[in-house]
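Encoded as structure tokens, the structure appears first; notes follow it.
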Amino acid sequence: MITGHERRLQIDSLTDKGDGIGLLDGRQIYVTGALPGETVSVLLHGIKPRYAQGELQAVLQPHPARVANFCPHDSCGGCQLGMLDYPAQLDLKRQRLQASLAKRGIHTEVAPCLGMDVPLAYRNKALYAVRPGSQGAELGFFRKHSHDLVACDDCALQPSLVADLLVEVRAWLSACQIPPYDELQHTGVLRYLMLRDGRQSGEWMLVLVTLGEELPQVEDLLARLARFPALRSVVHNINPARGNRILGFDNRILQGDGVIEDELDGLRFSLSPLAFYQINPEQTRRLYQAALTLCGLTGQETVFDIYCGIGTISLFLARQAARVVGVELVPEAIEDARQNAARNGLAAKTEFFAGKAEEVVPALYRQGYRADVVVVDPPRKGCEPAVLQTMLAMAPRTLVYVSCDPDSLARDLAVLLSGGYRLEQVIPVDMFPHTLHVETVARLVRS
Ligand code: SAH
């Protein structure tokens with residue numbers, strides 16, 4: 001195998017990052033932009049003993065559902081499946097979930113992936129890096145596997161008001177010569193912009209993330225933004241740290257009260273800049289509805305919501321249960337959860353605990369807490385063994401597992417299935433159209 005040679009290749013599968021994989025001369029070849037089943041020609045480089053990179057030159061035999069990519073900025077790497085027809089994306093996600101389960105010996109029927117009606121402009125949060133460009137500060141996203149900026153201010157996954165707001169931000173950056181952040185030198189002023197909207201309330205928040213306390217001529221920016229009545233809050237966030245973390249912990253309100261409100265299925269939530277909130281409101285409603293339906297509540301149950309964030313699922317459950325106990329690592333999120341419960345008249349039915357689920361849930365069990373139904377919604381790495389073991393000891397009649405990672409889901413389901421539960425339903429939900437991510441809700445019942 002020789003660097004720079006063009007070779008023909010058959011793509012067999014996709015990596016977790018969405019690159020196509022094919023085999024040549026005993027090596028796995030990774031090809032960005034190629035789909036399973038396709039024959040492509042690639043330029044070889046990065047040759048290692050077991051693998052190599054193939055730069056896509058031509059698609060010789062396309063996937064039957066290949067379409068022209070809807071996005072002109074595909075080098076940002078955010079949407080790995082932009083060249084696949086939407087129904088085929090949903091099918092692919094279902095198959096990948098089924099394959100992850102099968103690897104753990106779980107052979108079950110996976111329901112069709114619940115998709116969006118119109119899979120565009122779905123994000124309620126936009127994050128832009130601010131970096132030096134050829135003409136001063138440039139806004140955009142990082143290219144895949146790098147911190148090179150792909151300039152972009154019309155991402156199709158975001159509502160069009162983002163682009164309108166960015167016009168004013170750009171005008172301010174250039175008129176006031178705001179120094180962009182230089183990552184290598186760790187100098188400059190403006191590092192990131194975050195925009196967040198309450199889809200139901202129509203309220204917007206802009207967060208300006210700077211390296212230090214200084215934010216020059218911000219009055220100029222606020223004056224330019226005055227033509228957007230939907231912009232309820234503008235917040236200055238200071239992040240002095242090196243590294244990949246976007247927001248710091250120090251927030252200073254520049255306009256409004258520093259929060260926005262949103263509504264999900266009749267429940268009201270207040271969102272501060274750092275609060276975790278699901279990104280796709282239309283699909284969040286579908287996901288939570290599916291989780292709620294799978295719980296099969298009658299109004300009499302005590303329900304645990306483990307990894308509860310700001311209590312969104314907890315409050316969905318509390319409307320139809322006797323009592324909900326929420327557990328979450330981040331103390332500020334638990335504070336938000338308590339306030340959200342009070343705001344929605346559900347404080348008397350809910351109890352929230354801050355701490356590691358693997359410590360708090362066993363401690364609650366020792367204190368005598370029991371559950372009729374348990375919902376878990378862990379981060380990508382899944383549930384700690386102590387959480388799974390305590391769930392099995394509590395022996396609720398129903399377990400509902402909400403997962404953002406099919407592999408950790410499959411691993412944890414295998415434990416629960418050998419602990420006396422039966423898998424009844426597995427429903428994938430498309431929270432991030434055009435990306436490879438898939439969210440899953442699964443229902444287990446005690447056999
Ligand atoms: N159910 C919520 C949040 C799900 S995201 C929603 O739908 O909005 C997963 C949550 O798990 C995050 O809020 C994260 O802070 C929390 N988390 C991560 N590790 C944890 C741990 N060890 N114990 C408890 N919570 C944890």
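The table that follows gives values for the structure above.
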{"quantity": "Checking GLU219 against (1) touching a residue at least 60 places away in the same chain (Cβ under 8 Å); (2) more than 26 Å from THR284 (Cβ to Cβ), the condition it does not meet", "calculated": "(1)"}
{"quantity": "Unmet requirement for ALA241, which otherwise passes all of (1) assigned to a strand (DSSP E or B); (2) out of contact with any strand residue (DSSP E or B) (no Cβ under 7 Å at 6 or more places or on another chain)", "calculated": "(1)"}
{"quantity": "Subset of segment 80-91 that is under 17 Å from ASP405 (Cα atoms) and in contact (Cβ under 8 Å) with a residue 40 or more places away in the chain - its residue that is nearest to the chain's Cα centre (by Cα)", "calculated": "GLN80"}
{"quantity": "1 or more residues outside the structural domain of ALA34 (by TED's automatic domain parsing) and at pLDDT below 95: qualifying strands (runs of 3 or more DSSP E) within segment 80-197", "calculated": "125-133, 136-142, 149-151"}
{"quantity": "Single residue of THR298, THR302 found to be surrounded by fewer than 16 Cβ atoms within 10 Å (Cβ to Cβ), among the polar types (S, T, N, Q) and in the same structural domain as GLN425 (by TED's automatic domain parsing)", "calculated": "THR298"}
{"quantity": "Among (1) of a type in the set (A, V, I, L, M, F, W, C); (2) surrounded by 15 or more Cβ atoms within 10 Å (Cβ to Cβ); (3) closer than 27 Å to LEU267 by Cβ - the single one VAL189 does not satisfy", "calculated": "(3)"}
{"quantity": "Some residue of segment 371-380 being without any contact (Cβ under 8 Å) to a residue 60 or more places away in the chain and of a type in the set (Gly, Ala, Ser)", "calculated": "no"}
{"quantity": "Selection count where residues are in contact (Cβ under 8 Å) with a residue 60 or more places away in the chain, more than 15 Å from ILE313 (Cα to Cα) and either within 13 Å of the ligand (Cβ to nearest atom) or of a type outside the set (A, V, I, L, M, F, W, C) (or both), scope segment 254-270", "calculated": "1"}
{"quantity": "Subset of segment 292-317 that is of a type outside the set (Ser, Thr, Tyr) and within 9 Å of the ligand (Cβ to nearest atom) - its residue that is farthest from PRO396 (Cα to Cα)", "calculated": "ILE310"}
{"quantity": "Qualifying residue in segment 204-218 (condition: buried (at least 18 other Cβ atoms within 10 Å of the Cβ) and aromatic (Phe, Trp, Tyr))", "calculated": "yes"}
{"quantity": "Among residues of segment 152-188, those that are of a type in the set (Gly, Ala, Ser) and under 17 Å from VAL209 (Cβ atoms), counted", "calculated": "1"}
{"quantity": "Residues satisfying the stated conditions in segment 272-289, i.e. within 10 Å of the ligand (Cβ to nearest atom) and not in a loop (DSSP other than H, G, I, E, B)", "calculated": "THR284, LEU287, TYR288"}
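Yes/no per residue for (1) within 14 Å of the ligand (Cβ to nearest atom); (2) surrounded by fewer than 22 Cβ atoms within 10 Å (Cβ to Cβ):
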position	(1), (2)
GLN339	no, yes
PHE352	yes, no
PRO362	yes, yes
GLN367	no, yes
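The values are calculated or read from the model by the stated rules, or taken from the named source; none is laboratory data. Computed from a predicted structure; not experimentally measured. For neighbour counting, all protein chains shown are included, and Cβ atoms are generated from backbone atoms with ideal geometry for every residue, glycine included.
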